[in-house]
Ligand SMILES: Nc1ncnc2c1ncn2[C@@H]1O[C@H](COP(=O)(O)OP(=O)(O)OP(=O)(O)O)[C@@H](O)[C@H]1O
Ligand SMILES: [Mg+2]
């Protein structure tokens with residue numbers, strides 16, 4: 001299992017695209033930093049210090065939620081792209097034949113793939129998350145609460161998508177799997193937006209659609225929970241009063257986290273069961 | 001018994017892979033499994049190594065049922081589609097394979113060098129597999145299969161990408177392993193390849209075994225008759241088929257495998273009585289090639 005995980009890890013490092021992604025990620029962070037910088041200079045020009053502090057913390061929290069929203073999106077995209085073919089790609093190319101015919105159980109193969117990619121994605125996601133928070137704090141001095149719990153939630157998102165992609169990868173072709181997982185992710189995203197709007201205009205039907213979609217794909221719910229924890233702590237009471245589609249005014253309950261963990265475990269088990277029986 | 005196969009059957013949906021295969025392979029034997037494209041050779045081998053699951057039937061490898069992980073340590077397998085993680089170097093791949101085989105680090109290095117030398121890839125091991133030619137990749141696959149010094153080596157068309165010299169080298173490797181008492185299961189559609197190395201062969205056609213035995217058994221008692229027939233029309237062809245003697249033809253050249261000398265005049269009579277002009281009839285040296293061809297053409301229909 002460790003052998004497979006190590007190889008999966010090394011495979012990513014051997015790809016050019018990995019380095020391209022790193023460069024682009026840095027570019028994203030730079031753009032965000034510049035945006036923050038100009039916001040800060042703009043706001044500090046105001047004469048009224050109380051007003052500028054108030055507006056400042058609203059603006060910064062909005063910008064931060066925007067950055068986190070797109071960071072989540074980037075991480076999700078990366079996870080799906082890197083994991084959809086992890087098993088099916090090997091089946092399609094035939095490289096798997098000289099691997100699982102060796103003294104290795106099929107579940108070891110799947111968990112090795114999972115462990116390798118999970119480690120890689122977690123490191124990447126954690127770095128991105130800390131960079132976004134760090135840049136915000138350095139440039140604006142804005143300090144969100146619950147940074148560590150937020151990071152754990154932030155990491156659950158790629159893990160969930162990884163498990164789902166891997167499961168699909170042991171069942172479908174790379175292409176079909178990629179489309180399926182990505183569509184599911186979009187459903188979760190749209191559902192989350194719809195729910196926020198529903199809460200904003202007090203429409204029960206919209207809220208229910210959101211809840212339903214978050215059961216199908218909990219990524220957005222986890223994201224909402226994360227931003228709520230970060231931006232709506234005791235230090236930032238203002239944010240509850242403003243509407244922001246990238247943020248959250250009523251977070252999902254802790255039950256949602258438990259549901260998501262069960263979801264992930266179930267998906268991984270399904271991947272193992274499916275892969276155990278399939279012909280290659 | 002190294003391999004014991006009992007009525008192994010594989011259906012891909014409603015498409016037959018192979019049906020009711022019964023075989024046994026003894027220790028130290030080189031077993032040839034022969035058949036045309038799509039006959040079901042790879043299907044059988046894939047079941048043996050656990051890539052696909054049988055629809056019905058059982059098999060044992062080295063005394064254990066299929067899928068036993070411990071046994072896999074003693075089995076080397078070269079897949080028909082020899083594709084590897086081509087971003088690794090040859091050496092890295094073998095090192096990875098060695099850890100899959102759970103080989104201890106101390107013996108690894110030497111063993112890797114040994115197999116590299118055996119398949120004549122020494123000197124190329126630090127290049128990326130991406131830069132290897134097809135034949136070199138197949139050699140590397142063979143090296144990987146040989147890595148754990150397996151008691152049973154399963155090779156699916158091991159020389160499909162190799163040049164004539166490579167084929168001979170593989171043949172020599174097989175013979176050397178046989179001398180060391182290893183058992184080899186060889187899939188091939190090349191009779192010439194099988195004939196020189198195998199003790200036993202089985203012929204498979206459309207998923208079923210149509211003949212099996214030692215090379216000598218198969219040759220024995222069979223006389224190859226070659227005829228040149230003028231006016232070789234449908235009537236003559238049908239009459240020849242109706243005799244029940246395996247026949248095979250190419251234009252006016254007809255080959256028949258008779259089990260008994262007395263059938264030779266009978267063959268001639270059949271040709272002449274049905275209007276064929278028999279220009280030439282000679283018995284050939286018993287070549288497995290012709291037996292193979294005639295069995296392949298006729299054997300399937302009889303089943
Ligand atoms: N995955 C599959 N799905 C459906 N049918 C298959 C599949 N794999 C093989 N078959 C069918 O099973 C039969 C046997 O195929 P197999 O690959 O075992 O042939 P083979 O003897 O190895 O041929 P070759 O010499 O071309 O390698 C063929 O008719 C093939 O079409
Ligand atoms: Mg084949």
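Of the residues in the range B:123-130, not one is over 18 Å from residue B:26 (Cα atoms), under 17 Å from the mean Cα position of the chain (by Cα) and crowded, with 17+ Cβ neighbours inside 10 Å.
Flag: residue B:13 does not match the condition of being in contact (Cβ under 8 Å) with a residue 24 or more places away in the chain and either away from ligand 2 (no atom under 14 Å from the Cβ) or touching a helix residue (DSSP H, G or I) at 6+ places or on another chain (Cβ under 8 Å) (or both).
Scanning the range B:95-108 for residues that are within 9 Å of chain A (Cβ to nearest Cβ), touching a residue at least 12 places away in the same chain (Cβ under 8 Å) and not in a loop (DSSP other than H, G, I, E, B) yields a single hit, B:97. Name the residue, out of B:99, B:42, B:24, that is within 16 Å of ligand 1 (Cβ to nearest atom) and either farther than 18 Å from residue B:200 by Cβ or under 17 Å from the mean Cα position of the chain (by Cα) (or both). The match here is B:42. With respect to the conditions (1) modelled with pLDDT of 95 or more; (2) surrounded by 23 or more Cβ atoms within 10 Å (Cβ to Cβ); (3) under 25 Å from the mean Cα position of the chain (by Cα), residue A:97 lacks only one, and its number is (3).
For every residue, the table says whether it meets (1) out of contact with any helix residue (DSSP H, G or I) (no Cβ under 8 Å at 6 or more places or on another chain); (2) away from ligand 1 (no atom under 15 Å from the Cβ).
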position: B:202; (1), (2): yes, no
position: B:208; (1), (2): no, no
position: B:215; (1), (2): no, yes
position: B:224; (1), (2): no, yes
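Looking at the range B:79-94, which of the residues that are within 16 Å of ligand 2 (Cβ to nearest atom) and at the interface with chain A (Cβ under 8 Å from one of its Cβ atoms) is farthest from residue B:110 (Cα to Cα)? Result: B:81. Applying the condition of being over 25 Å from residue B:245 (Cα atoms), in contact (Cβ under 8 Å) with a residue 40 or more places away in the chain and in a loop (DSSP other than H, G, I, E, B) to the range B:176-189 and asking which residue is nearest to ligand 2 (Cβ to nearest atom) yields B:182. Given the criteria within 11 Å of the chain's Cα centre (by Cα) and modelled with pLDDT under 95, does residue B:188 qualify? So residue B:188 fits the description; yes.
Scanning the range A:36-68 for residues being touching a residue at least 12 places away in the same chain (Cβ under 8 Å) and in contact with a helix residue (DSSP H, G or I) (Cβ under 7 Å, 6 or more places away or on another chain) gives a total of 18.
Taking the stated definitions as given, is residue B:116 modelled with pLDDT of 90 or more, within 27 Å of residue B:39 (Cβ to Cβ) and either more than 16 Å from ligand 2 (Cβ to nearest atom) or in contact with a helix residue (DSSP H, G or I) (Cβ under 6 Å, 6 or more places away or on another chain) (or both)? It is false that residue B:116 is modelled with pLDDT of 90 or more, within 27 Å of residue B:39 (Cβ to Cβ) and either more than 16 Å from ligand 2 (Cβ to nearest atom) or in contact with a helix residue (DSSP H, G or I) (Cβ under 6 Å, 6 or more places away or on another chain) (or both).
For the range A:76-89, name all the residues that are over 22 Å from the mean Cα position of the chain (by Cα) and surrounded by fewer than 20 Cβ atoms within 10 Å (Cβ to Cβ). The one that is over 22 Å from the mean Cα position of the chain (by Cα) and surrounded by fewer than 20 Cβ atoms within 10 Å (Cβ to Cβ): A:89. Does residue A:92 satisfy being in a helix (DSSP H, G or I), surrounded by fewer than 18 Cβ atoms within 10 Å (Cβ to Cβ) and within 11 Å of chain B (Cβ to nearest Cβ)? Yes: the conditions hold for residue A:92. Determine if the range A:21-34 includes at least one residue that is within 14 Å of another protein chain (Cβ to nearest Cβ) and surrounded by 17 or more Cβ atoms within 10 Å (Cβ to Cβ). Scanning the range A:21-34 turns up no residue that is within 14 Å of another protein chain (Cβ to nearest Cβ) and surrounded by 17 or more Cβ atoms within 10 Å (Cβ to Cβ).
The single condition among (1) away from ligand 1 (no atom under 16 Å from the Cβ); (2) facing another protein chain (nearest Cβ under 10 Å); (3) modelled with pLDDT under 95 that residue B:75 does not meet is (3). Of the residues making up the range B:22-69, those that are more than 11 Å from ligand 2 (Cβ to nearest atom), closer than 27 Å to residue A:109 by Cβ and in contact (Cβ under 8 Å) with a residue 60 or more places away in the chain number 5. Looking at residue B:224, is it surrounded by 15 or more Cβ atoms within 10 Å (Cβ to Cβ), within 16 Å of ligand 2 (Cβ to nearest atom) and either assigned by TED's automatic domain parsing to the domain that holds residue B:15 or modelled with pLDDT under 85 (or both)? When the stated conditions are applied, residue B:224 does not pass them.
Have a look at B:35, B:17 and point out the one that is near ligand 1 (Cβ under 7 Å from one of its atoms) and either under 21 Å from residue B:199 (Cα atoms) or not assigned by TED's automatic domain parsing to the domain that holds residue B:215 (or both). On inspection, the qualifying residue turns out to be B:35. Every condition in (1) over 28 Å from residue B:119 (Cα atoms); (2) not assigned by TED's automatic domain parsing to the domain that holds residue B:157 holds for residue B:24 except the one numbered (2). Please enumerate the residues belonging to the range B:190-241 that are part of a helix (DSSP H, G or I) and within 13 Å of residue B:292 (Cβ to Cβ). Correct list: B:191, B:192, B:193, B:194, B:195, B:215, B:218, B:219.
The values are calculated or read from the model by the stated rules, or taken from the named source; none is laboratory data. A quick note: this is a predicted structure, and the numbers were derived from the prediction, not measured. Backbone-built Cβ (ideal geometry, glycine too); neighbour counts: all protein chains shown.
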